[in-house]
Amino acid sequence: MTKALIIGGGIAGPVTAVALQRAGIASVVYEAYPENAGTAGAFLTVAVNGLDALRALDLHRPVMDLGFSTRTIDLVSGTGKHLGTLPIGGVLPDGTTTHTIKRSDLYRALYEAARRRGIDVHHGKRLVDAEVAANGGVTARFEDGTRAAADLLIGADGIHSRVRRVIDPAAPDPRHLGLGNVGGFTRTAAVRTPAGAYVMTFGKRAFFGYVVHPSGEIWWFANPPSTQASGRGAQEALTSDQWKARLIDLFADDAGPTVDIIRSTTELVGGTDQYDLPKVPAWYRGPMIIIGDAAHAASPSSGQGASMAVEDAVVLAKCLRDLPEPAAAFTAFERLRRPRVERVVAFGARSSSNKAPGPVGRVIRDLLMPFFVKLIALQSQDWLFGYHIDWNE
Ligand SMILES: Cc1cc2nc3c(=O)[nH]c(=O)nc-3n(C[C@H](O)[C@H](O)[C@H](O)COP(=O)(O)OP(=O)(O)OC[C@H]3O[C@@H](n4cnc5c(N)ncnc54)[C@H](O)[C@@H]3O)c2cc1C
């Protein structure tokens with residue numbers, strides 16, 4: 001029986017393990033963190049296409065149960081002007097809608113689903129290197145000095161992937177997007193928005209979004225400008241109080257409840273810098289392949305990174321099921337996935353660039369945004385949200 005090592009126990013990792021099991025391939029997941037960490041980014045949306053891919057493995061229910069339906073985004077300018085309303089993926093024929101879920105809940109749900117199916121997930125195992133063995137298999141080496149060998153190695157180790165570098169030492173680094181990310185939760189700010197409807201504000205100096213959970217709790221995120229010069233880790237170094245002070249200052253001139261939400265926040269999560277990864281030339285070498293953010297990361301503004309990771313996992317397992325030679329399976333996987341994921345990354349980069357224009361760009365953006373929103377509403381988003389993987393095909 002073929003055996004795979006999966007590096008990374010985030011989103012793509014556990015889903016790949018479950019999908020491979022369906023395909024008759026055994027696997028073990030190795031996660032760098034001692035426990036499921038994964039609070040960075042606080043919460044995320046799993047779009048209808050991601051939920052549809054999870055459904056192929058019967059994994060959609062726990063994710064939907066822990067999250068809540070979020071169907072629209074109201075766009076607002078810093079002056080309080082309503083710029084338009086966008087749907088987030090509409091409603092699938094069976095009634096499924098895009099859901100928002102805490103990142104820690106999503107990781108835990110997927111991890112527990114893998115464990116329930118008897119899949120081993122080892123924590124505290126940071127991959128440092130991997131070598132192709134003489135028999136065509138692969139041996140992974142971990143930071144703690146241990147090793148593991150198998151027929152295949154799947155790098156699901158996220159945007160700063162080590163496996164990407166092992167496959168191709170010249171692989172590109174992620175691209176810094178000029179934005180940071182910080183989020184939080186509060187119950188006490190006064191907002192009148194119905195549950196499940198995102199409100200996103202193109203503020204005068206930064207971008208802010210919030211959504212009300214059915215319990216009444218407000219979940220929010222902000223994208224303050226961030227220069228690459230501040231370096232990886234600079235955002236992480238700020239304390240909660242420092243973040244609050246900085247954000248209140250950034251949003252002081254904007255209409256709406258932003259400052260009130262930030263001031264009343266009881267739990268602040270963050271911050272991080274935002275990156276994407278538009279083109280990684282080599283996704284595989286010999287028995288090793290990368291998937292999810294390790295291979296192609298869309299900006300968080302796309303709302304699609306998690307869904308792309310899930311889709312990759314299901315498609316890769318299907319390719320390995322149908323084409324047992326890794327080289328043929330990896331070639332088929334790349335052919336099926338590369339055009340789609342690169343289109344999503346480009347879509348995310350466009351959304352992201354709207355969030356941080358200069359003063360002139362801001363005026364033009366706010367003037368043109370209502371037309372853009374109408375245009376987007378008229379265009380079919382089916383290429384993005386209507387993607388379906390038929391596992392039994
Ligand atoms: C602020 C923010 C907001 C976002 N919002 C959204 C959203 O709303 N919707 C959406 O779809 N996506 C969103 N995303 C993107 C989404 O989080 C990613 O696309 C998704 O997590 C990718 O899944 P993955 O499994 O490929 O990688 P990850 O989820 O990053 O998992 C990688 C795992 O690999 C582990 N790892 C790393 N290196 C090693 C190593 N050397 N050895 C072993 N393990 C290792 C990590 O600890 C981690 O657990 C957001 C991202 C950010 C940063």
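The values are calculated or read from the model by the stated rules, or taken from the named source; none is laboratory data. Small disclaimer: the values here were computed from a predicted structure and weren't measured. FYI the Cβ positions are ideal-geometry reconstructions off the backbone, even for glycines, and counts take in every protein chain you see. Please note that ligands, DNA and RNA were not included when accessible areas were found on the heavy atoms of the full protein model with its side chains. Shrake-Rupley method; radii C 1.70, N 1.55, O 1.52, S 1.80 Å.
Before moving on, here are some points about what is shown:
- Shape class of segment 187-265 from the alpha-carbon gyration tensor: prolate, with a/c at 1.5 or above and a/b greater than b/c.
- Hull shadow area, averaged, segment 1-140 [alpha-carbon convex hull, nm²]: 11.1 nm²
- 5 Å-binned pair-distance histogram of segment 299-372 (Cα, whole percent): 3, 15, 18, 15, 13, 10, 8, 6, 5, 4, 2, 0
- Comparing segment 238-393 with the 2.2 N^0.38 Å rule of thumb, its C-alpha radius of gyration ratio is 1.35 (two decimals).
- The average projected area of segment 95-207, computed from the convex hull of its Cα atoms over all directions, is 12.9 nm².
- The mean accessible area for residues of the chain, using a 1.4 Å probe and ignoring ligands and nucleic acids, is 42 Å² per residue.
- Tilt relative to the chain, helix 359-378 - C-alpha long axis, 0 to 90 degrees, to 10: 70 degrees
- Test item: Cα-centred dipole of the chain, Lys/Arg +1 and Asp/Glu -1 on Cβ, debye: 480 debye
- Degrees separating the helix 12-22 axis from the principal Cα axis of the chain, which is the longest one: 40 degrees
- Heavy atoms of residue 60 accessible to a 1.4 Å probe, total area in Å² rounded to 10: 30 Å²
- Kirkwood-based Rg to Rh ratio, the chain, C-alpha trace: 0.97
- Working note: 222 nm ellipticity from helices only, DSSP H runs with n ≥ 4, each -39,500 (n - 2.57), summed and divided by the residues of the chain, gives -10500 deg cm²/dmol to the nearest 500.
- Rounded to 10°, Cα long-axis angle of helix 326-353 versus longest principal axis of the chain: 10 degrees
- Diffusion of segment 12-90 by Stokes-Einstein, at 4 °C in a medium of 1.567 mPa s and with Rh set to the Kirkwood radius over alpha-carbon pairs, works out to 83 µm²/s.
- With every protein chain in place, the chain: carbon and sulfur % of accessible area (1.4 Å): 54 percent
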